[in-house]
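Reviewing the structure listed below.
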Amino acid sequence: MTDRPIKVLIAKPGLDGHDRGAKVLARGLRDEGFEVVYTGLRQTPEMIVTAALQEDVDVVGLSILSGAHLTLVPRVCSLLRERGMDDVLVATGGIIPDEDVPALKDAGVAAVFGPGTTITEVAEFLRANSRPRD
Amino acid sequence: MARTQPGATPSAADELCDAALSGDRRALARLLTAVENRTPLAEAAMRRFYPMAGKAQLIGVTGPAGAGKSTLVAALIAELRRAERPVAVVAVDPSSPITGGAVLGDRVRMQAYASDDGVFIRSMASRGHAGGLSTATTAAAALFDAAGFDTVLIETVGAGQSEVEVAATAYTTVVVEAPEMGDEIQAIKAGLLEVADIIVVNKGDRPGAHRTAAQLRAMLADTPREARPGRPSPKHPDVLLTTAPTGEGVAELLAAIDARRSAEPSTADGSVRLKRAEAQVWAVLSDRLHERIRALEGPIEEVAVAAQAGSGSERSVPAAELLRCVAANELDPYTAADRLLEMLTGTGRPGTVFANRRARKDPT
Ligand SMILES: Nc1nc2c(ncn2[C@@H]2O[C@H](COP(=O)(O)OP(=O)(O)O)[C@@H](O)[C@H]2O)c(=O)[nH]1
Ligand SMILES: [Mg+2]
């Protein structure tokens, strides 16, 4: 069945203790028909990548408020590649200064969603860009 | 009919199975996806894996939302890992019936064990297919089993019929309850109690936990020893107290689970296995039937014409046309089902459908 839902992992790397935004996004994507695995706060890149692997997700969404994105996000991307998950789409959201976006894109991030992004926009992007499923 | 699809050619499937069996977790994860989506790859995998399975202990963990099932599963993982026992978890959360989406949040409580290679956690959305959920979880458990995970925990919310079914197909069914859910004890009595091998009153740190456990024990003492006609024979589950976040009572719970394994070997095991086998074969059979009935589809317009003429046309009637007749109350569902079966087995006389259709106006 090719119409099965797209599976998304939403994780919060880093040390900040707020996951309201991540939870809102998780529920929003559910309402858009996605299957969303939520892993909670304070996730290390290793935990995130292992979860992505076990869950066989199509998309990894990283929600970051702590400002540690320039170390955490590239680490997630390289671990995904190391473990054979090159086809998994990585997107980030949260508070990321414009000048850091090119570095994230270079690391392999497909999209950086700013605070103003609507859930519909995120959903449309993921539908158009996540890997083909069989 | 060609069964192979891109990405699921026999050799690619074999390679993936080989990899999964030799410990490649990504390969195993991909096979689990195939099982969930019921793709041809899943069939190939089941043919390979199923004969190697049958050793693992399947434990269903069910109960109302918020009772602490995921936290308790995490505590069981910790206990199992202390003994270096590999453990796999299938955590099921409901899909939205409207959008088909789901939030799978059970992992939050288990993430601490995610980086341990002896632990594999997989979330699954229930996807609302009747009977299909237990097929998917049973197949997933078989893959884990063959891949060497000798304990498989399956968490479901004990709300819907299919979730209870999942729990019932496990070897040991643990029903988790929490204090202050007082009114729900009656509800639990009706559905979940029948499938419980062990009842856990979790949140043992909360006031009322001991009272809830005592109430449950009293209620169980009243359960008749003999089966009433037409009902499954009543189980007499142990009632245990746990506090999942601290791990209190969890070693005892695991001991109770293990004791069931060694205490009643062949008979109970045999009947649960048979039940599980029956459910699986029926689910596959129903999939196969659907597939073949859909393949009966013919040119709709011609059949519609034949229908209007009321002629005993020899043409086969498409399933869709039969459904329309049932929807319009022109044909009863029993006759429609019989016709479809006859058409499948080649004994059908398609024209008779419309004989019935005209005859339905007569009071019988
Ligand atoms: N006080 C207390 N809280 C618990 C206990 N077990 C779980 N919880 C809490 O109950 C809530 C629901 O737990 P969860 O495991 O997600 O429940 P589930 O929906 O049944 O899987 C969480 O906030 C847990 O921290 C317990 O033994 N005592
Ligand atoms: Mg849960």
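Here are the numbers for this structure:
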{"read-out": "Cβ neighbours within 10 Å from other chains - mean over B:20-32", "value": "2"}
{"read-out": "Calculated from backbone phi, Karplus (6.51, -1.76, 1.60) coupling profile of region B:237-243 in Hz, x at Gly/Pro", "value": "x, 6, 10, 10, 10, 9, 10"}
{"read-out": "Listed residue pairs exceeding 25 Å between alpha carbons, taken from A:K12/A:K105; B:K235/B:K275; B:K203/B:K275", "value": "B:K203/B:K275"}
{"read-out": "Chain A, relative contact order in percent, only Cα pairs under 8 angstrom and at least six apart counted", "value": "26"}
{"read-out": "For region B:52-65, Karplus couplings with θ = phi - 60° (6.51, -1.76, 1.60), whole Hz, Gly/Pro x", "value": "8, 8, x, 9, 6, 8, 9, 10, x, 10, 9, x, x, 4"}
{"read-out": "Test item: B:37-45 mean partner chain Cβ contacts at 10 Å", "value": "2"}
{"read-out": "Estimated vicinal HN-Hα couplings, Hz - region B:95-108 in sequence order (Karplus 6.51, -1.76, 1.60; Gly, Pro = x)", "value": "8, 5, x, 8, 9, x, x, 7, 9, 9, x, 5, 4, 3"}
{"read-out": "For B:114-123, mean number of other protein chain Cβ atoms within 10 Å", "value": "5"}
{"read-out": "B:E252 paired with A:R131, simple spin-label distance in nm, labels 7 Å along Cα-to-beta-carbon", "value": "4.7"}
{"read-out": "Nonlocal amide H pairs with B:I121, under 5 Å, H built at 1.01 Å", "value": "B:V89"}
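Every number here is computed from the coordinates shown, using simple stated rules; none is lab data. Quantities reported herein were computed from a predicted structural model and do not represent experimental measurements. Don't worry about glycine lacking a Cβ; one is built from the backbone with ideal geometry, like all the others, and counts go over all protein chains shown.
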